[in-house]
Amino acid sequence: MRASINRPPTPDADEEPEREPALVEVINVKMVESGEKEKLKELLRERLIECGWRDEMKALCRAYARKKGRNNVTIDELVQVITPKGRASIPDSVKTELLQRIQSFLTSIVL
Amino acid sequence: MQLSIRCFHELLDSIIADVASECHRVARLGLDRGLDEEEEELRLSEEARASAADPSSSGEVGCKYVVDIFGQTHPAVADEIFECMNCGRPIMAGRFAPHLEKCMGKGRKARQRTTRSSAITRSRNSRGSPVSVYAPYSNSTNSARVPNGTTGGAGEEFSDCAFEAP
């Protein structure tokens with residue numbers, strides 16, 4: 001019984017499988033701390049606006065809202081509406097540029 | 001490499017969420033040129049304009065008018081209906097003049113009846129070709145030469161001669 005009283009708090013970390021997520025977390029933290037994450041996000045946003053991707057997504061949202069009635073849409077619904085098309089319609093050049101920058105950032109923090 | 005892709009997707013999801021959030025805001029606030037009410041109004045007014053120009057809804061009147069929000073037509077259509085004093089039929093005001101043209105000439109085809117004055121005018125114009133006063137003209141070109149005052153004008157000139165011959 002004493003054991004149960006003195007039982008330490010459930011260690012969540014132990015139950016998690018040891019895979020990439022931990023590493024991603026580290027990277028994430030590093031990116032945020034160095035401000036790189038914000039810069040990358042801004043870069044991506046800018047590129048997507050330039051190539052019209054953002055307008056496409058907005059058009060999709062508008063069409064969906066018109067169909068459903070504009071007061072009946074939730075943000076989650078809109079996210080679900082845009083995500084598949086959004087992920088698929090990223091121009092290759094944009095993707096490449098961002099991936100390159102992420103790569104170089106990763107190598108920079110490793111070194 | 002996988003790591004980079006995951007980071008990229010995370011950035012992308014974040015941006016997608018931003019876009020969705022903004023569109024949601026626009027939708028709920030009705031900022032996007034009025035997603036439903038105004039759009040309905042626009043569509044309705046277009047339909048109204050289309051049906052105003054639609055020949056099937058204008059009856060006899062030539063379909064070149066527009067209807068405004070008060071139901072008035074532009075240019076105005078004289079659509080008051082009254083009785084023709086000649087034939088007794090209910091006629092629309094805007095169609096009265098052409099109606100009279102035909103109505104006054106009843107018994108024959110329109111515009112073939114000549115009156116004394118129109119015949120005299122015609123003979124004056126045609127310089128000497130003899131015209132008997134009540135002779136009917138079989139071709140329409142002659143009636144085209146008749147000046148305005150005789151056939152299209154007020155019924156006064158016709159009133160004493162119109163019923164003289166069948």
Could you please tell me the mean projected area of the C-alpha convex hull for region A:25-111, averaged over all directions and given in square nanometres to one decimal? 6.7 nm²
For B:Asp18 and B:Val66, extending 7 Å from Cα along the Cα-Cβ vector and measuring point to point gives, in nm, a value of 4.4 nm
Within 10 Å of each residue's Cβ, count the other Cβ atoms and sort B:Arg89, A:Arg70, A:Arg101 from fewest upward. B:Arg89, A:Arg101, A:Arg70
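Set the bar at 18 Å for Cα to Cα. Now go through A:Lys41/A:Lys95; A:Lys37/A:Lys85; A:Lys39/A:Lys85; A:Lys37/A:Lys95 and name every pair that lies beyond it.
A:Lys37/A:Lys85; A:Lys39/A:Lys85
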Only counting other Cβ atoms within 10 Å, I'd like A:Val110, B:Val19, A:Val79, A:Val29 sorted with the fewest neighbours first. A:Val110, A:Val29, A:Val79, B:Val19
Counted neighbours (other Cβ, 10 Å), sorted fewest up, put B:His74, B:His99 in the order B:His74, B:His99
Starting at the first residue of region A:35-44, write each ³J(HN,Hα) from the Karplus equation 6.51 cos²θ - 1.76 cosθ + 1.60 with θ = phi - 60°, in whole Hz, x for Gly and Pro. x, 5, 4, 4, 4, 5, 5, 4, 4, 4
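We did not get these values from a lab; they are worked out from the coordinates using the rules stated. Model, not experiment: these values are computed from the prediction. No Cβ is skipped: glycine too gets one built from the backbone with ideal geometry, and neighbour counts run over all protein chains shown.
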